[in-house]
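Structure first, then comments.
The values are calculated or read from the model by the stated rules, or taken from the named source; none is laboratory data. In this text, all values refer to a predicted model and were calculated from it rather than measured experimentally. Note: ideal-geometry Cβ built from the backbone for every residue, glycine included; neighbour counts use all protein chains shown.
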Amino acid sequence: MSKNYNHNYAFVFYDIADIESDIGKYRVAKVFKICKKYFKHHQKSVFRGNITPANLIKFKNEVKKVIDEKLDFISIIKLQNKAVFDEEIIGNNDNNAESIFL
């Protein structure tokens with residue numbers, strides 16, 4: 001029997017298909033808005049941050065209602081806390097990357 005862990009920190013990456021169509025643009029905007037509700041925007045289609053297990057379930061349910069599971073891709077990397085991973089950044093570490101989209 002495997003042990004269930006509470007994941008309190010997560011990275012979210014997404015790739016939404018058909019970005020050139022109106023429907024694709026709608027899905028991209030909706031997914032972005034849902035991610036922003038639960039996580040801190042890190043870069044383009046990358047979000048990360050603290051999240052409770054209950055909110056992670058809510059997040060996944062909201063995203064599933066918007067995406068086309070046959071075309072779109074969302075990756076959630078779950079961690080117990082932000083101290084158990086190492087991040088290395090090479091290149092421009094613009095901490096205000098979100099301003100590109102405002």
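With a requirement of 3 or more residues that are at pLDDT below 90, the strands (runs of 3 or more DSSP E) lying completely within the stretch 27-83 that satisfy it span 73-79. Looking at the stretch 47-72, which of its residues are under 14 Å from residue 9 (Cβ atoms) and of a type outside the set (Lys, Arg)? Answer for the stretch 47-72, where residues must be under 14 Å from residue 9 (Cβ atoms) and of a type outside the set (Lys, Arg): 47, 49, 50, 51, 52, 53, 55, 56, 59.
Residues in the stretch 53-75 that are touching a residue at least 12 places away in the same chain (Cβ under 8 Å) and either under 11 Å from residue 34 (Cα atoms) or β-branched (Val, Ile, Thr) (or both) were compared, and the one that is surrounded by the most Cβ atoms within 10 Å (Cβ to Cβ) is 59.
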